[in-house]
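Asks: Quick one: structure below, then a few questions.
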Amino acid sequence: MKLPILLLSGFLAFWPLAGFAQTVEGVQAFSQPEGSWKRETVAEENAVNPQQRFIDEAGKFAIDNIVKAEQVFCYEVFPQNDEYEGYTLDGFPIRGFCGVMGEPVRDMIGRYFLSSESNVLFDRAEQCIIEPKIIIRFIRGVDYTDVLISSPCHSFAIFYGGSVHVYNFKPGAEIIDAMLKALGPKHAEFVSPALLNQLLPVGVVQNEQQRKIVNKRSEPIRKWEQKTQVEQAKRAAEEKKNNSGWNKLKMKSFGAPQ
C-alpha cells in the first residue's frame, strides 16, 4: 500500500493550483495554452478497468466521466446544514477550493478506488458516521460525476444524475488519509466561477491544432451517426418492400361498385 500512497502524495503535491484571480474578457476567455488539449497515449496494460459492480450501480456514463475525465476539480466541503446560505455542491457547503487535478490523479482514482478489488468492501457497513472532507468533480464534455471522500469514516460516494451510491473504503483508508494530507496546503478561498464569468461550458476551437484534435475525437461519434443512418435506410427499404408489390395492392372485390 505504501507505493500508491507515495505516488498519490507526489501527484497532489506538485499539481498546480488553478488561478481564479485573473479575469479575461471576450473570446480569449475560452482560449487555452498551446498544447493544453494534448492527451498522452496510455498503454493498454496501464488502462483503468473499473469493477463491473460500479458500472451496474452508478451507471456506465457516471464511471466514464471519472476514468475519461478531461478536467478534474477538487473542493473542500462541510457536512450538510440546512441553515447554510452560501455556495453548495451536491448539497454540501463549500469550504474552499483545493486545486485542479491532472490525469495522474484521475487515473489513480480510477485504479485504486474503482478497479482495485482489495480496497472496497461491498455490502458491508461500518459503525461510523460519514464525514465529508472533499468532493472531486470529474468533467467530460459538459457532463460530470462527483466523488465525495469521507474520513475518518473512510468511504466514498458517487453522485451522478440525481443518484448517490456510497462505498466502504476501509481497506484503502491510508490512501484517503494521504490524499487529504497532500491536499491540505492547497486550500484556497472559493469564489463563484459564474460570478467571475469563468469555466463557462462553451466549446470554441481556437486554432488548427485544436481542430485536428476535435476531428480525431469526433470519429467515434461520426461512425455511430453513419451506422445509425445506414440502419435507418435499411429499415426504410425493408418497410417499403413489405408494403409494396402485387400482393399488397388494395384491389376491390369482383362485382364491387366502381
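Each value in this text was obtained by applying a stated rule to the coordinates, not by laboratory testing. In this text the structure is predicted, and so the values were computed from the model without any measurement. For neighbour counting, all protein chains shown are included, and Cβ atoms are generated from backbone atoms with ideal geometry for every residue, glycine included.
Asks: If I model a spin label at Cys153 and Gln51 as a point 7 Å from the Cα along the Cα→Cβ vector, what separation in nanometres do I get?
Replies: Label at Cys153, label at Gln51, 2.0 nm between them.
Asks: Report the label-to-label distance for Gln232 and Phe61 in nanometres (one decimal), using points 7 Å from each Cα along the Cα→Cβ vector.
Replies: Distance between label points: 2.0 nm.
Asks: Can you give me the long-range amide H partners of Asp143? Hydrogens built in the peptide plane at 1.01 Å from N, cutoff under 5 Å, separation of 5 or more residues or another chain.
Replies: For Asp143, whose amide H was placed from the backbone, there are no distant partners under 5 Å.
Asks: Quantify how much of the Cα-Cα distance distribution of the stretch 68-116 extends past 15 Å, in percent. Numbers along the way, then the final one.
Replies: Numbers: 651 of 1176 pairs.
In whole percent, the long-distance tail amounts to 55.
Asks: Ok, one more. Using a Debye calculation, one point per C-alpha and no hydration shell, please list log10 I(q)/I(0) for the stretch 74-211 at q = 0.13, 0.16, 0.18 Å⁻¹ in order.
Replies: For the stretch 74-211, the Cα-only Debye profile gives -0.62, -0.92, -1.13.
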